[in-house]
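Okay, so here's the structure we're looking at.
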Amino acid sequence: MSKNSENSSYTRVKPYNEDEAKTVQLSRMFNTISGQYDKFNDLMSWGMARVWRKKALLSLKSFDPKKILDVATGTGDFSINAFKYLRPDSIIGVDISDQMMSVGREKIKKAGLDQKIQFERQDCSTLTFPDNSFDAVIISFGIRNFEKLDESLQQIRRVLKPDGHLLILEMNEPQKGWLLKGYQLYTRVFVRMTSKFLSSDSRAYDYLTASMHAFASGKKLIAVLEDNKFSVNKYKSFTFGVCSMYLAEKQ
């Protein structure tokens, strides 16, 4: 385990209790809120998630990945956008929540992409794909939910082809000043109040905001990636630092 991730407080942030494994709780949580997750994501991102996804995916375009793995695929938006902007031969999305993927399958069917995009229930820390299987691995708003960050990154590195790319898009709090105070007020007051109308499971939304606060971002996450033998070629923050993109290459 890398020194940069073993001491991270994000691993102690859990939705419901301290006793159960984080992954078990997250699977239950995302199954519960799957029908309203997209609306909540729009709230958290100020409606900018679609723009961020496009900008991030276009950073992969010059590498022309043909086989893509979408980790923590959720309801499948990143997979659908990846096909739209990159036109790979195939995409496999994996997630620990069956209900989130069920929502995603409906989207994919509606988009006519069910022959191009498939979903499988898998935990990223124990991927079952052979070594060197994918040209690119993409993760959108999911890496902060990994219970075993180092193990997951090592699995991602294993299934990537030599010189394959890892693209991470993740929300984070602005680092300082009035932007930080304003965003904290927005998430703690407006988002919390609105989430009560979206789902009866208010603890799920408390977890999503708390995990964003606790998870490593910027230089700290870059250090974790480098410890796990990825070379970060591009880092970019969007919309006053509310979201960050990392484009890394397998060493």
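Any read-out appearing in this document is the output of simple, stated calculations on the displayed coordinates, not a laboratory observation. Worth saying up front: this structure is predicted, and the values here are computed from it rather than measured. Quick reminder, even Gly has a Cβ in these numbers, built from the backbone with ideal geometry, and neighbours come from all protein chains shown.
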The stretch 142-164 residues near the modelled Asp131 label - backbone nitrogen below 15 Å, point 7 Å along Cα→Cβ: 154-164
Okay, helix-only estimate at 222 nm for the chain: each DSSP H run of n ≥ 4 adds -39500 (n - 2.57), divide by all residues, round to 500 deg cm²/dmol; what do you get? -12500 deg cm²/dmol
In nm, give the distance between the simple-model label positions of Lys67 and Ser90, each being 7 Å from the Cα along the Cα-to-Cβ direction. 0.7
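Scanning the chain for helices, which whole DSSP H stretches are 15 Å or more long along the axis (Cα) and average -1.0 or more by Kyte-Doolittle?
22-33, 98-111, 149-159, 202-214
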Report the antiparallel proportion of the DSSP beta bridges in the chain as a percent, rounded to a multiple of 5. 45
Show me the ranking of peptides 228-236, 67-75, 31-39 by mean Cβ neighbours inside 10 Å, starting with the highest. 67-75, 31-39, 228-236
Return a whole-number percent for the relative contact order of the stretch 3-250, with Cα pairs under 8 Å and 6 or more residues apart as the contact set. 22
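Convert 4 °C to kelvin, take the viscosity as 1.567 mPa s, use the Kirkwood radius over C-alpha pairs of the stretch 117-157 as Rh, and evaluate the Stokes-Einstein diffusion coefficient in µm²/s, rounded to a whole number.
Numbers: Rh = 11.1 Å.
So the translational diffusion coefficient is about 117 µm²/s.
Give me the net charge for the shell around Thr239: Cβ to Cβ below 14 angstrom, other residues only, Lys and Arg +1, Asp and Glu -1.
On the way: positive: Arg50, Arg53, Lys54, Lys55, Lys236; negative: Asp42, Glu170, Glu173.
With Lys, Arg at +1 and Asp, Glu at -1, the net is +2.
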Taking the stretch 3-250, the equivalent ellipsoid from its C-alpha gyration tensor has semi-axes in Å, biggest first, of 25, 21, 18
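Excluding Asp89 itself, calculate the net charge of residues whose Cβ lies under 10 Å from the Cβ of Asp89, where each Lys or Arg counts +1 and each Asp or Glu counts -1. Present the calculation step by step, with values, prior to reporting the outcome.
Details: positive: Lys66, Lys67, Arg87, Lys116; negative: Asp135.
Around Asp89, the charge tally is +3.
Looking at the stretch 51-107, what % of the alpha carbon pairs are farther apart than 16 Å?
So the portion of pairs separated by more than 16 Å is 39 percent.
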